[in-house]
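The values are calculated or read from the model by the stated rules, or taken from the named source; none is laboratory data. Note that this is a predicted model, so its numbers are computed, not measured. Cβ coordinates were reconstructed from backbone atoms using ideal geometry, including for glycine residues, and neighbour counts include every protein chain displayed. SASA here: full protein model, heavy atoms, side chains in, ligands and nucleic acids out. Shrake-Rupley method; radii C 1.70, N 1.55, O 1.52, S 1.80 Å.
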Amino acid sequence: MIDIIWITIKKHYILTICMFIMIIMTIIFNLLPPVILGNIVDMITHKEKISLSIAILYFISILLFALSDCLKELIINIFGQNIIYNTRKMMIDKISKLDTAYLIENDPTIINSIIINDVNSLERLFSSGIISIIADSFKLISIIIVIFTKSYMLALLLLLVSPMVFYITILFQNNSLKAQLQSKKAIANCNKQIYEAIENIQTIKLLPIKTYIKNNFAQTINDYYDQQNKVNFYDSIYSPIIITISSIIVAIVMLMVSNNYHISQLFGISVGSCVTLISYITSFFSPIENIGMELQNIQSAIATTKRINEFLNIETTKKQNEELTNNNQIIFEHVSFHYPNSNKMILQDFNLTINNNEKILISGATGKGKSTIIKLILGAYSPQEGRILVNNIDPSHIKDEDKRYIFGYVEQRFSMIAGTIADQISLHDKRITEKQILNALHTVGLDNLNIHEVFDPNNFSFGQLQLLAIARAIVYDPKILLLDEISANLDNNTERKIIEAINLASKNKMVISISHRLYTNDHEYKHLTI
């Protein structure tokens, strides 16, 4: 996180300077109006004439404070957004460098939550946390200093009271935060129960469990209601306590200027100074309350920054600068492999050589490693023992931007993306031309498609989606085709179209096909059972 902050400061150093200038200006302009007002009151009590200039000055000081405070908040929010932008940019760059194995093995919703939710929390960490706590601390210190110049006894009194106010603030905010978390948990349970009830409504109606569902839901609603009442209680009782403390101190200040009390001799302040001090006292507790909230934001964001740092510190495979050769060949040499977090060996001392333009059909029972072979060829995983060579290099060392030139991979299911039909083929790769897209669609027999039309999967049959997948795989005219059970669940007519498309697409190519019926009787294919 320190790296991200430093990058943001260096990249936006003018914004950073402006932010601290506006914090200082806001503090100064916040102190001016009470001082000017106090002088006006002293002039009135001494029956001096109030000039128009001092009245205008008072108005301008209030206006300057409002403008500076507005600009301060704006700049802090912009700085926070830049932190988020740079963090997300680093995380997206990190994803592009992560091993495919990590992305496959880890739940994508967790990665998505880190990039979206956790990074959003960073804005609160900086805008409503670190930067704001610095600003409010300076504001608090400046108020104490000004009050000390007016009455050191009152300043000492505030210093004695402030720890108690701070403790009360933290106590109430902690309890309120716990209640809010429990409230969110309860409402999440409500949503979960509603979803489950809708999903299983037929079972609920047919079997005698309606009463159980109703009572369970009622209990969850009551939990939410109780926690929300606690939040409302803490929020409602906090302000009266702070107002009471503030009122007591204001009352003491009023005694300072009363000739009927000896306390005035102790504090020795004028009526105008009294007005100034009362104004400062009313604003004295605001930064204390803010600091308490900002500490909460920082505390809640600690776990967030920890998760982000852990993600950014994930080790990535060092890609070697190896050059591809024209030797179109795949070699497995004594390969042994098991998936991470599992000791079950999928491949044991596995050997295989596939030469240029050779076609092979791999079959076998489920779990024997058929699809694993394709994943290893693509470099998604690396073997624990032995080695794999694709065109004389380790497939995990092939640059991502080069893989589509080498491999044409057709998955079992078509993975669609947002965009046009052309985007389904190119995957937004700007290197692919419209001519290449049309040629690929022609090869698979989908010439009639308008490639500029927005893609709607409802307009395509399962077989047509498989043909699109083949077109996507061959758009770069790669020399190696990898087919992962693409004929599963196809009717005879659709299967025949898929066969024709693959026969056209596989000319002068190496083909590795996983356990489907298309080629069982095809003499061109060598059969390998594992």
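Worth a mention:
- Coupling constants for segment 280-289 follow from the phi torsions by the Karplus curve (6.51 cos²θ - 1.76 cosθ + 1.60, θ = phi - 60°), and in residue order they are 5, 5, 5, 9, 5, 7, 5, x, 5, 4 Hz; glycine and proline get x.
- Each peptide in 273-279, 415-421, 439-445, 61-67 gets a packing score, the mean of other Cβ atoms within 10 Å over its residues, and the list from highest to lowest is 273-279, 439-445, 61-67, 415-421.
- Per-pair calculated FRET efficiency, R0 = 22 Å: LEU171 and GLN228 via Cβ, rounded to 0.05: 0.65
- In sequence order, calculated HN-Hα J values of segment 431-439 (Karplus, 6.51, -1.76, 1.60; Hz; x Gly/Pro): 6, 7, 8, 5, 4, 4, 5, 5, 5
- Heavy-atom accessible area per residue - segment 381-472, 1.4 Å, Å²: 51
- Report note on the peptides 392-400, 51-59, 230-238, 25-33: ranked by the mean count of other C-beta atoms within 10 Å, highest first, their order is 25-33, 392-400, 230-238, 51-59.
- Across segment 382-398, computed HN-Hα scalar couplings (Karplus, 6.51 cos²θ - 1.76 cosθ + 1.60, θ = phi - 60°) run 10, x, 6, 9, x, 8, 10, 10, 10, 6, 6, 10, 5, x, 6, 9, 6 Hz from first to last residue, x flagging Gly and Pro.
- For segment 1-51, the Rg and Dmax computed from alpha carbons only, in angstrom: 20.3, 61
- Built from the Cα atoms of segment 382-468, the convex hull projects on average onto 7.2 nm², one quarter of its surface area.
- Theoretical FRET efficiency, 1/(1+(r/R0)^6), r = Cβ-Cβ of SER113 and ASN508, R0 56 Å, to 0.05: 0.75
- Those lysines that a straight Cα-Cα span of less than 22 Å connects to LYS509, excepting residues fewer than 8 apart in one chain: LYS359, LYS370, LYS375, LYS399, LYS403, LYS435, LYS479, LYS497, LYS526
- Solvent-accessible ranking of MET153, MET510, largest area first, probe 1.4 Å: MET153, MET510
- One chain, two ends: CYS70 and LYS497. Fully extended at 0.36 nm per residue, the span grows by 147.1 nm beyond their Cα-Cα distance.
- Nonlocal amide H pairs with GLY408, under 5 Å, H built at 1.01 Å: ILE480, LEU481, LEU482
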